[in-house]
Amino acid sequence: MKKKVRRIRVNLDKCNGCRACEMACSAFHATPRYSSVNPSRSRIRVVTDILNDEYVPIRATDYTKAQCDGRRVYTINGKDYSECSFCGSICPARDLFKDPDSGLPLKCDMCESDPPQDEPLCVQACSLDALTYEEVEEEIEEEIKRSEVELGLQSLVDRYGLVEIRDIVTRMAHRD
Ligand code: SF4
Ligand code: SF4
């Protein structure tokens, strides 16, 4: 099946770690929109190693309740990067991509909105063109798209157990 795929290309050579992308993303996803700026609520985070002049913008992907055993080191242009530097998973090994108040996972939604944006907000905010937006036609396998609501529910079930969450939802359903 062919599908239009929306992608954000990252050029590591151009990123200087300014974090404007984080601010733009968090402002766009604030409620109401643009009412606050808080990078800890951003769905893009810049993994930073100032000593080694390394800045890697990564976007939040899927929630996972267990951390992986990734221990690979990638050498790019003479710099060493850990595997985690490129991973967008919302995992227990780090604090990235978790709402600071609720602890629920934050996933990149490509700034889907009505009316749609010409380009995602993080791309618009990046004045150095370290992030560029592209749309391509690709042959892909049928995918099951998990909504943010489902991701949030999954993380609550992992934390409190299915029975507890089911009981809470049942109680809520019977309230006036
Ligand atoms: S806005 Fe661009 S240059 Fe600044 S941290 Fe984000 S990706 Fe890097
Ligand atoms: S595409 Fe939108 S939601 Fe995703 S990281 Fe960029 S600004 Fe955030």
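Derivation of every value follows stated rules applied to the coordinates shown; laboratory data play no part. Just so it is clear, the model here is predicted, and its values are computed rather than measured. As a convention, Cβ positions derive from the backbone with ideal geometry for all residues, glycine included, and neighbour counts pool all protein chains shown.
Could you work out [θ]222 nm for the chain from helices alone, using -39500 (n - 2.57) per DSSP H run of at least four and dividing by all its residues? Round to the nearest 500 deg cm²/dmol. My calculation for the chain gives -6500 deg cm²/dmol from helical runs alone.
Ordering Thr64, Thr132, Gln117 by Cα displacement along the dipole of region 2-143 toward the positive end leaves Thr64 in first place; charges were set at the Cβ atoms of Lys, Arg (+1) and Asp, Glu (-1). For Lys107, the lysines whose Cα falls under 17 Å of its own Cα, not counting residues fewer than eight places away in the same chain, are Lys65, Lys98, Lys145. Is the chain best put as rounded, prolate or oblate by its Cα gyration tensor, with a ≥ b ≥ c the root eigenvalues, rounded for a/c under 1.5, and otherwise prolate when a/b is larger than b/c, oblate when not? Because a/c hits 1.5 or more and a/b exceeds b/c, the chain counts as prolate.
Does region 42-133 come out rounded, prolate or oblate by the C-alpha gyration tensor, with a ≥ b ≥ c the root eigenvalues, rounded set by a/c under 1.5 and, if not, prolate when a/b is larger than b/c and oblate if not? Note, shape of region 42-133 comes out oblate. Cross-link partners of Lys14 among aspartates and glutamates, defined as those whose alpha carbon lies under 13 angstrom from its own and excluding same-chain residues fewer than eight positions apart: Asp53, Glu54, Asp129. Here each label is just a point 7 Å from Cα along the line to Cβ, and for Ser35 and Ser102 those points are 1.4 nm apart.
Once the other residues with Cβ under 13 Å from the Cβ of Ala93 are scored (Lys, Arg +1; Asp, Glu -1), what is the net sum? For residues surrounding Ala93, the net value is +1.
For region 41-49, 3J(HN,Hα) computed residue by residue from phi via the Karplus equation (6.51, -1.76, 1.60; θ = phi - 60°) reads 9, 7, 9, 10, 9, 9, 6, 10, 9 Hz, glycine and proline entered as x.
Using only side-chain charges placed at the Cβ, +1 for Lys and Arg and -1 for Asp and Glu, the dipole size of the chain relative to its Cα centre rounds to 380 debye. Stretching Ala173 away from Lys65 to a fully extended chain increases their span by 36.1 nm, per 0.36 nm per residue minus the current alpha-carbon distance. For the chain, relative contact order (Cα pairs under 8 Å, six or more residues apart, normalised by length) works out to 29 percent.
Once the dipole of the chain is set up with Lys and Arg at +1 and Asp and Glu at -1 on Cβ about the Cα centre, which of Ala24, Ser85, Val157 lies farthest towards its positive end? Farthest along the dipole direction, towards plus: Val157.
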